[in-house]
Amino acid sequence: MPIKQVHSIPAHVDRIWNLAPHPTLPLLAAATSDKSAQIYSLNTYFPVAQLDGNHKRSIRSVSWKPKSGSNSEVVLATASFDGSVGIWIRDSERYVQEVGSTGDGGSIGLEEWEFVASLEGHENEVKCVDWSCDGTHLASCSRDKSVWIWEADEDNEEFECLAVLQDHTQDVKHVAWHPNEDLLASASYDDTIRLWREDDDDWVCSGEIIGHRSTVWCIDFDKATGEGEARLVSCSADETVRVWSRESITGNTAHRDIPSTFRSDPISENWQQEAILPQRHSGPIYAVSWSGQSGRIVSVGADGLLVVYQEVKTGEWVVIAEEEDAHSVFEINTAVWSRKWKSTASHGQEGDAEKAAPNPEEEEIIITGGDDGNINIWEVTFQT
Amino acid sequence: MSEPINANPKVLSLDDLPTREEIFGNSSSIKATFPHSALDGAFPTMSLYESYSSLLLLGEDGLSDDDIEMKVAPELSSGESDVSDDQSDIEEHEPIDEQEIYDLISTISDPEHPLTLGQLAVVNKPDIYIVSTKDANGRHQKISRVIVEITPTITHCSLATLIGLGIRVRLERCLPPRFRIEIRVKQGTHQSESQVNKQLNDKERVAAACENQQLLGVLSGMLATFLYL
């Protein structure tokens with residue numbers, strides 16, 4: 001199945017560390033080594049905002065707060081090597097009309113963004129930040145070996161730290177929330193993945209996944225699992241991509257009112273390796289993404305290779321597309337699936353675009369970012 | 001530094017260090033005329049590259065047959081031809097070899113002695129490997145690996161990571177982006193070999209370390225080249 005590059009945004013001269021498409025809006029956030037984050041329109045691929053001036057070192061990771069219920073604000077979290085997490089909110093009054101296909105080219109600074117909070121506490125570089133599915137929790141992780149769980153107030157200005165989780169023995173590279181449970185996974189330089197959940201009022205480590213033979217760089221959950229099920233994909237410097245599934249949850253059955261520390265059966269999840277995906281990469285694999293739309297997985301890494309996998313039956317995966325030198329000779333740091341937005345946006349307010357449905361074919365794209373500073377947009381084309 | 005970790009290292013004479021002349025003798029080979037200091041070694045490639053890229057600005061018409069032939073090779077995605085591809089073509093004319101890598105890194109100063117890594121035999125030419133692989137069609141792949149194995153002067157040398165980082169930074173700054181750099185401690189020469197190796201090849205840690213001003217200060221001291229070499 002062929003893969004084709006449909007667009008390339010020459011975003012930066014420097015490294016792009018991480019990319020995140022907004023879960024419901026046609027916006028893409030980029031974390032870069034020039035201490036700023038950029039917002040691009042996925043309708044036009046033009047930049048619409050530059051978030052800078054607040055972080056003192058590279059921004060390593062970006063995460064959008066999902067919109068839910070009364071929460072209508074557009075909120076981005078940024079994790080930086082300066083040891084802090086930044087919270088940014090789009091000014092809903094002042095953002096102006098998005099540049100359409102008017103031919104006058106894109107320009108930066110169309111949207112007004114406000115830096116509203118800096119979350120301090122990590123001892124050194126924050127490597128990753130992620131909002132939970134309903135936006136109530138924010139997780140961050142650092143080279144200081146800890147994972148922090150934060151809770152925001154309604155204005156996203158006051159953040160309370162609910163837990164500092166210190167079970168990892170080395171840097172924590174990545175955190176990811178389950179798509180509908182309040183379950184967090186973290187990946188580490190100590191070669192393990194850990195799972196965390198709330199047990200009464202305490203956040204506890206509910207599971208540990210051992211199997212990778214080197215740093216686990218990135219993890220992502222299966223978004224299509226049924227009630228009570230969970231699967232995740234992980235990629236590692238050991239050159240493998242693996243899928244894990246939760247076999248059972250035990251403990252925490254009786255004695256609901258006894259504090260977890262006194263209970264004999266703390267909550268525990270048993271995770272098993274379901275598959276090692278076909279091995280294509282040579283060198284560390286830096287990113288994986290599990291599509292909520294097609295169920296496909298994409299992986300990228302230091303070798304510049306982009307690989308797309310599809311599950312033919314449970315636990316059995318095949319490579320359906322491969323692209324060498326996807327960022328020329330440069331390493332690729334991030335890859336993520338996104339729904340495909342109309343690239344021929346009308347000239348209306350962006351507010352209209354927000355309501356517009358994606359293409360009827362429900363096509364999806366892969367967005368990758370590399371050391372060349374480019375953001376590349378890919379489509380897997382179907383053979384009929 | 002008050003208490004050197006290794007107060008009494010073995011030192012090689014400058015004359016014993018490998019140079020370009022050693023390979024080519026005093027023949028009329030063009031390469032033999034290159035001075036072997038790090039900076040000079042890097043310049044010919046750079047100036048060639050620069051003149052080549054200015055050529056590119058004039059459009060493809062300005063290229064000789066030779067250049068065009070090389071540009072045919074890989075199927076460039078979406079017809080994009082960027083500088084780095086052309087840069088790797090240049091290297092077919094002027095390949096980067098182990099001696100050039102040695103010249104770049106042997107001149108780095110040791111963090112605690114007024115000597116170079118070459119003189120201390122921390123960096124040795126036989127421990128430098130350039131690995132380029134060919135694909136199924138026998139074409140050289142664009143990406144090559146440079147592996148440097150360092151030999152710490154003592155097995156508990158706590159400066160091994162700093163030295164390794166200095167080597168990595170020098171190579172990252174000097175080599176074209178198509179090179180993947182791997183720095184390892186030579187087997188059996190350090191107590192915590194695997195830890196040091198893992199750290200030195202963790203891209204994120206290296207990037208973060210390079211944003212640490214204090215560490216950068218130490219590194220730039222190490223990387224200041226000895227002009228008298």
(message) Using the Karplus curve 6.51 cos²θ - 1.76 cosθ + 1.60 with θ = phi - 60°, what ³J(HN,Hα) values do you get for each residue of segment A:202-211, in whole Hz, with x for Gly and Pro?
(response) 9, 8, 10, 7, 9, x, 9, 10, 10, x
(message) Quick check: pseudo-label points 7 Å beyond the Cα along Cα→Cβ at B:L12 and A:E208, how many nm apart are they?
(response) 4.5
(request) Report, by chain and number, residues whose modeled amide H sits under 5 Å from the one on B:V185, excluding near sequence neighbours (fewer than 5 apart, same chain). (result) B:I150, B:N197
(request) Taking amide H positions as placed in the peptide plane 1.01 Å from N, state which residues far from A:S146 in sequence (5 or more) or on other chains have amide H under 5 Å from it. (result) A:V172
(request) Could you go through segment A:14-28 in sequence order and give the Karplus-derived ³J(HN,Hα) for each residue, using 6.51 cos²θ - 1.76 cosθ + 1.60 with θ = phi - 60°, rounded to whole Hz, and x for Gly and Pro? (result) 10, 4, 9, 8, 7, 10, 9, x, 5, x, 10, 10, x, 10, 10
(message) Under 5 Å between amide hydrogens, which residues at least 5 positions from A:A163 or on another chain qualify, with H placed 1.01 Å from N in the peptide plane?
(response) A:I149
(request) Could I have the simple spin-label model distance between B:Q213 and A:E227, label points 7 Å from Cα toward Cβ, reported in nm to one decimal? (result) 5.7
(message) Which residues does the label zone of A:E120 cover in segment A:138-153, counting backbone N under 12 Å from a point 7 Å along Cα→Cβ?
(response) none
(request) Using the structure shown, list the pairs from A:K313/B:K203; A:K223/B:K198; B:K10/B:K125 with a Cα-Cα distance above 24 Å, or answer none. (result) A:K313/B:K203; A:K223/B:K198
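Every number in this text was worked out from the coordinates using simple rules, so none of it is lab data. No experiment lies behind these values; they were computed from the predicted model shown. Don't worry about glycine lacking a Cβ; one is built from the backbone with ideal geometry, like all the others, and counts go over all protein chains shown.
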